[in-house]
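First the structure, in the form of structure tokens, and then the observations on it.
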Amino acid sequence: MYVRPPKAHVSAELARNPIFYVRMPLFRRFWPVLLLALLPLVPLWRCVFLGDAIGPFDQIRQMSPWNGPKPSQPWDVLQADGVLQFYPWRDMVFKAWSHGQPPLWNPYELGGTPLLANSQSAGLYPPHIAMGVLHVPTPLAMTLLAWFHLFWAGLGVYWLARRFGATKEGAVIAGASFQLSAFMLAWTALPSVISTVAWIPWLLGGIKVLCSVSERTSKSMFAAWVVTALSTGMMFLAGHLQFAAYGCLAATFLGAWTLCAEGPRKALVPACLSLFAVMAGFLIAAPQLLPVLNYSQFSHRRNSPTEQGYTAYVAGGIRPFELANLANAYTLGSPRTPVQLGSTTIGAYWPAFEKQGANLAESAVTIGPLVVGLLALLPWRRRQFWCLAALGLIALFLALGTVLNWPLYFFVPGWSATGSPGRIIVLFVMSACVVGGTAVPKEGDSVSKTQRNVAIAAPFLFGLLCLLASQGGASEDMASLASAAFSAAVVPAVVGGLIGSLGIALVILPPLAKYRPALVAFPLLLAWLGYASDIVPSGRPLEIQPATSFDRVAYVNKEWSLHIAAPVIAPPNTAYLLGKHEIAGYDSLLHRDTDALLKDIDGSDPAPPANGNMMFVKPDADEHKLADAGVTAILTRNPDGSVESRSIDGNGRVLSPQGKGEVVEESFSKLVVRATGPGRLVVRDRNMPGWLAKVDGKHVPIEGSLWQEIDLPAGVHTVEFNYVPPGLMAGLAAAFLGWLAILLGLVYWRKAKA
């Protein structure tokens, strides 16, 4: 702790070095923030220092029409979404805000589809608005956002660990271990995940303070209320509702546990405060959340819980053999390491061939040897952290697809339509990091000789145990891949275990106490040794070409693969990068009528078996139906990778009563056309609730079920279509109340006494 020196000594030192006594106290106070801000730069080094963009761009660039060189790293189907979905979505959102427009509608994909209401575009998330308003280029903006959310997640875990009694050093180790965890880094290219997860520890910390009556002061109560409300709202605005639901689940569990420990007589006021804070958070997220919930009722994946669906749901959980990655992310093989399987090059992560949909990011259970050693060092009789330990264990059993999923699947609305239950492993990883951070002894704490020896040996022995267990889940067909992964993992397991054991020795052995500050660098050292040097995909970004035409095209594709790069042309959503409008597309939330339209055009399911959210125009598509959908050109891929384009007869997107109409203006919420009446004007953009039309400035009704149709009087007219997603206006009114409540909370926070 910093102690102010005598006044005369300060004066003498100020004469020699006037900034010494200004800088050092600030550094001693804020060094955890500085360190946690610097650490994420290391896994992002290619983007920060070499100008790369986050995402596997080389994997997409090898496809037509770019036909770039084949990349050295193998295909990773999940990471490819960083370019196919998030790169276009983020650019649309930034571009809309740079022009002062809300990003409400995506006119480029699927014949037109909601942009704000797809949730993961996160069009109203404040950091996204800031990037757009400041005109930050999309590749740089995504790097800045990735850095910020990794930093914010680490700082949130630091703050949460401090709330549970961790020392400053222990809390830094917890925060660094989480922000550099395999889970956070593996999902960096799919940014809605880390953007959402980054707010969960802040929410839990706020709930902890609000519900801990015996430890709360008037000032801390208002501060915690504001933090809880803001983190709830930001968590939902960040876009990934599945992980936001995990955050709410964790907050409910932590709040209930803490209130029960305080006693029922003291529970009413903190329970109400917590509930009001969460409600304020929902209010500020309402402008985005309400359109999403409204649009989800039309989802092609909307279903009712069934026993058959539950069986398929839990089958996507983490298999026990995948827990071999607890010590090191690549114990079961690296998806970045190419191996030859016959004449095909694939990734060395062999669980992808043992379980449908298996992916390193989906089962990123790694907590690392240092955290394992700290968990062995815990004084388990101290009940303060039992709730977090219980939360972590429950999350682990949910991730494993156990019976604990049954009530959530059948009784929580919308849960049956979420992705793999294995993703809740993030709560296990976060809880392990926080609980491990609380194990760093405080001054005066004693550790028994037996526990000391067990804790020092635990990282090394656990790494070897995971290494031996890594062979358990491999079938005979995968034996060679599993054996190769085992051989590659031996050195990281041994060295990582030794580093973890050394870290624990620094924690508890008095002769090494003077070297303990170096311990805060161990999470980075272990992450770099295990996976951090290549787990975040990056490359030279694909150039985003401006749209030169309002016409709609169809790229003909057939194949998509989980394991190799398929021979396709402009895979869905990259048409936007090429400045084209297309009838196919790729979205996490698809309208069931759009799905039916493409089924009718293709004469079969437009989605490839490998991905139910990806819509193709297939080789057998009906050209007349494509023309009826506004398509004017069909593009196909030749065997040599070249692209062949041919026109088809049709009137395009706008069919005027008296000849072909003309698109005058298009944005992410508006379409302006010029057409001649009298008669029926048909605009072949998907007609969904929320569209409004004006003819020469006067409102007119929109008819038509699939496309937008209006009746025009005689003469030449300017027709303006504006899209306001259902729920947006009510959401804005709710957000006003939510932000007002938070503002009042801030005022009372400033006025409250400690």
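The values are calculated or read from the model by the stated rules, or taken from the named source; none is laboratory data. Predicted, not measured: the structure shown is a model, and the values here were computed from it. Ideal geometry is used to build each Cβ from the backbone, glycine not excepted, and the neighbour counts take in all protein chains shown. Only protein heavy atoms, including side chains, enter the accessible area calculation; ligands, DNA and RNA are left aside. Shrake-Rupley method; radii C 1.70, N 1.55, O 1.52, S 1.80 Å.
Scanning the stretch 520-555 for residues that are charged (D, E, K, R) and touching a His at 6+ places or on another chain (Cβ under 9 Å), which turns out most open to solvent (accessible area, probe 1.4 Å)? Reasoning before the result, please.
In the first step, residues of the stretch 520-555 are kept if they are charged (D, E, K, R); the result is 534, 540, 543, 551-552.
Within this subset, residues satisfying the condition of being touching a His at 6+ places or on another chain (Cβ under 9 Å) are 551-552.
Details: 551: 67, 552: 1 Å².
Going through the qualifying residues, I end up with 551.
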Looking at the stretch 128-150, is at least one residue at pLDDT below 95, surrounded by fewer than 24 Cβ atoms within 10 Å (Cβ to Cβ) and touching a helix residue (DSSP H, G or I) at 6+ places or on another chain (Cβ under 9 Å)?
no
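Among 626, 655, which is more than 34 Å from the chain's Cα centre (by Cα) and at pLDDT 95 or above? Before the answer, list the steps.
Details: 655 fails: at pLDDT 95 or above.
Being more than 34 Å from the chain's Cα centre (by Cα) and at pLDDT 95 or above holds for just one of 626, 655, which is 626.
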All positions within the stretch 301-349 that are open to solvent by 20 Å² or more (accessible area, probe 1.4 Å), in contact (Cβ under 8 Å) with a residue 24 or more places away in the chain and assigned to a strand (DSSP E or B)
338, 339, 341, 344, 345
Which pairs have Cβ atoms under 6 Å, sit 6 or more apart or on different chains, and link a residue in the stretch 412-429 that is within 14 Å of residue 396 (Cβ to Cβ) to one that is outside any helix (DSSP H, G or I) and open to solvent by less than 40 Å² (accessible area, probe 1.4 Å)?
421/317; 421/401; 422/317; 422/318; 425/365; 429/181; 429/367
Residue 677 being assigned to a strand (DSSP E or B), buried (at least 16 other Cβ atoms within 10 Å of the Cβ) and modelled with pLDDT under 95:
yes
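Within the bounds of the stretch 162-176, is there any residue that is under 19 Å from residue 440 (Cα atoms), surrounded by 24 or more Cβ atoms within 10 Å (Cβ to Cβ) and not hydrophobic (A, V, I, L, M, F, W, C)? Show your work before the answer.
Step one: list which residues in the stretch 162-176 are under 19 Å from residue 440 (Cα atoms), which gives 162-176.
Those still in the list that are surrounded by 24 or more Cβ atoms within 10 Å (Cβ to Cβ) too: 166, 170-176.
After this cut, where a residue has to be not hydrophobic (A, V, I, L, M, F, W, C) as well, the list is 170, 175.
Yes, the stretch 162-176 contains a residue that is under 19 Å from residue 440 (Cα atoms), surrounded by 24 or more Cβ atoms within 10 Å (Cβ to Cβ) and not hydrophobic (A, V, I, L, M, F, W, C).
Go through the stretch 34-50 and report how many residues are under 22 Å from the mean Cα position of the chain (by Cα) and open to solvent by 40 Å² or more (accessible area, probe 1.4 Å). Quick ask: steps written out before the conclusion?
Kept after step one, since they are under 22 Å from the mean Cα position of the chain (by Cα), are these residues of the stretch 34-50: 36-48.
This time we only want the ones that are open to solvent by 40 Å² or more (accessible area, probe 1.4 Å), so: 38, 41-42, 45-46, 48.
Number of matching residues: 6.
Which members of the stretch 366-406 meet the condition of being open to solvent by 60 Å² or more (accessible area, probe 1.4 Å), under 27 Å from the mean Cα position of the chain (by Cα) and not hydrophobic (A, V, I, L, M, F, W, C)? Even if it seems obvious, please write down each step before you answer.
Going residue by residue through the stretch 366-406, those that are open to solvent by 60 Å² or more (accessible area, probe 1.4 Å) are 380-384, 386, 393-394, 397, 403-404, 406.
Right, trim to under 27 Å from the mean Cα position of the chain (by Cα) and you get 393-394, 397, 403-404, 406.
Selection gives nothing.
Filter the stretch 563-585 down to the residues that are in a loop (DSSP other than H, G, I, E, B) and either within 23 Å of the chain's Cα centre (by Cα) or more than 23 Å from residue 74 (Cβ to Cβ) (or both) and list them by number.
Narrowing the stretch 563-585 to residues in a loop (DSSP other than H, G, I, E, B): 563-568, 570-573, 578-580, 583-584.
Scanning the stretch 563-585 gives 563, 571, 572, 573, 578, 579, 580, 583, 584.
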Just give me the residues in the stretch 702-754 being within 30 Å of the chain's Cα centre (by Cα) and at pLDDT below 90, in sequence order.
745, 746
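Conditions (1) in a helix (DSSP H, G or I); (2) open to solvent by 30 Å² or more (accessible area, probe 1.4 Å), marked per residue:
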site	(1), (2)
188	no, no
209	yes, no
220	yes, yes
232	yes, no
236	yes, no
259	yes, no
269	yes, yes
272	yes, yes
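Residue-by-condition table, conditions (1) surrounded by 15 or more Cβ atoms within 10 Å (Cβ to Cβ); (2) part of a loop (DSSP other than H, G, I, E, B); (3) not β-branched (Val, Ile, Thr):
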{"residue": "434", "(1), (2), (3)": "yes, no, no"}
{"residue": "443", "(1), (2), (3)": "no, yes, yes"}
{"residue": "453", "(1), (2), (3)": "no, no, yes"}
{"residue": "462", "(1), (2), (3)": "yes, no, yes"}
Please specify each residue of the stretch 222-260 satisfying the condition of being within 18 Å of residue 284 (Cα to Cα) and polar (S, T, N, Q).
228, 231, 232
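If a residue has to be over 17 Å from residue 535 (Cβ atoms) and either under 28 Å from the mean Cα position of the chain (by Cα) or not hydrophobic (A, V, I, L, M, F, W, C) (or both) to count, how many in the stretch 332-354 make the cut? Explain how you work it out, then say what you get.
Taking the stretch 332-354 as the starting set, the residues that turn out to be over 17 Å from residue 535 (Cβ atoms) are 339-346, 350, 353-354.
Of the ones still in play, those that are also either under 28 Å from the mean Cα position of the chain (by Cα) or not hydrophobic (A, V, I, L, M, F, W, C) (or both) are 340, 342-346, 350, 353-354.
Here the count works out to 9.
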Conditions (1) surrounded by 14 or more Cβ atoms within 10 Å (Cβ to Cβ); (2) on the phi > 0 side of the Ramachandran plot -> residue 715 fails only (1)
